[in-house]
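Heads up: the structure comes next, in structure tokens.
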Amino acid sequence: MKQETIKIRYFSPQSERLCYIDGKSDWIDLRAAERVELKAGEFRLIRLGVAMELPVGYEAHVVPRSSTFKTWGILQTNSMGVIDGSYCGDNDEWRMPVYATRDTCIEVGDRICQFRIVENQPKLVFQEVDHLCGADRGGFGSTGQN
């Protein structure tokens, strides 16, 4: 497996350091870098305490952990965050945009989301055609119906 080096800046010396756990999952947990109290219906960008310089040709995908909604009642407002390689300055701290569905409190160090590094898609060229060669599946939402 190819190994890449990620330059990372932590915004607090107390932040738990990230590490890749081989064999467990390709996703790496991120923690709240601040205590956040939210009332139902409030929006907040939660600081994650890191900035990274990704390898050339890569981006990061940030999503909630499976327990995030159950534990805190928050939804990531952009469903999946995409951090492109150009977001790599000293002050480009990663954040998680959330919406609270109930009153909640997130503490410093709580694992609220996870990320993985993904290679950018190749350069694409779109060719316009009158017909496609694939079989017609019946349109959007048509699979699995009786």
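Just the number, please: carbon plus sulfur as a percent of the accessible area of segment 1-145, 1.4 Å probe, no ligands or DNA/RNA counted.
Of all accessible area on segment 1-145, carbon and sulfur atoms account for 50 percent.
Report D for segment 1-137 in µm² per second (integer): Stokes-Einstein, Kirkwood Rh on Cα pairs, 25 °C, 0.890 mPa s.
So the translational diffusion coefficient is about 146 µm²/s.
Is it possible to state the helix-based mean residue ellipticity at 222 nm for the chain, with each DSSP H run of 4+ residues giving -39500 (n - 2.57), the sum divided by total residues, to the nearest 500 deg cm²/dmol? What is it?
Details: 1 runs with 5 residues, N = 146.
Rounded to the nearest 500, it is -500 deg cm²/dmol.
With springs only between Cα atoms under 10 Å apart, run a GNM on the chain and tell me which of Q127, Q114, Q14 wobbles the most.
Q127
What are the lysines whose alpha-carbon lies under 26 Å from the alpha-carbon of K24, with same-chain residues fewer than 8 places away excluded?
Within reach: K2, K7, K70.
Hey, in the GNM for the chain with a 10 angstrom Cα cutoff, which one of G41, G134, G73 fluctuates hardest?
Most flexible of the set in this elastic network: G134.
From the convex hull of the Cα coordinates of segment 76-123, what is the mean projected area in square nanometres?
4.9
From the P(r) of segment 1-69, can you give the percent of Cα pairs sitting at distances over 18 Å? If you can, show how the numbers build up before the last one.
Values: 1199 of 2346 pairs.
Of all Cα-Cα distances in segment 1-69, 51 percent exceed 18 Å.
Mind telling me which of Y20, Y87, Y99 comes out most flexible in a GNM of the chain, alpha-carbon contacts under 10 Å?
Looking only at Y20, Y87, Y99, the biggest GNM fluctuation is shown by Y20.
For the chain, what is the accessible area per residue in Å², given a 1.4 Å probe and the full set of protein chains?
Working: 10430 Å² over 146 residues.
Counting only protein heavy atoms, the per-residue value for the chain is 71 Å².
Suppose a student asked you for the relative contact order of the chain, using Cα pairs under 8 Å spaced at least 6 residues apart; what percent would you report?
32
Which residue, Y20, F126, F69, has the largest displacement toward the positive end of the dipole of the chain when charges sit on each Cβ (Lys, Arg +1; Asp, Glu -1)?
Going by the charge dipole, the pick is F69.
The values are calculated or read from the model by the stated rules, or taken from the named source; none is laboratory data. Predicted, not measured: the structure shown is a model, and the values here were computed from it. Heads up, the Cβs are rebuilt from the backbone with ideal geometry, glycines too, and the neighbour counts pull from every protein chain shown. All accessible areas refer to the heavy atoms of the entire protein, side chains included, with ligands and DNA or RNA removed. Shrake-Rupley method; radii C 1.70, N 1.55, O 1.52, S 1.80 Å.
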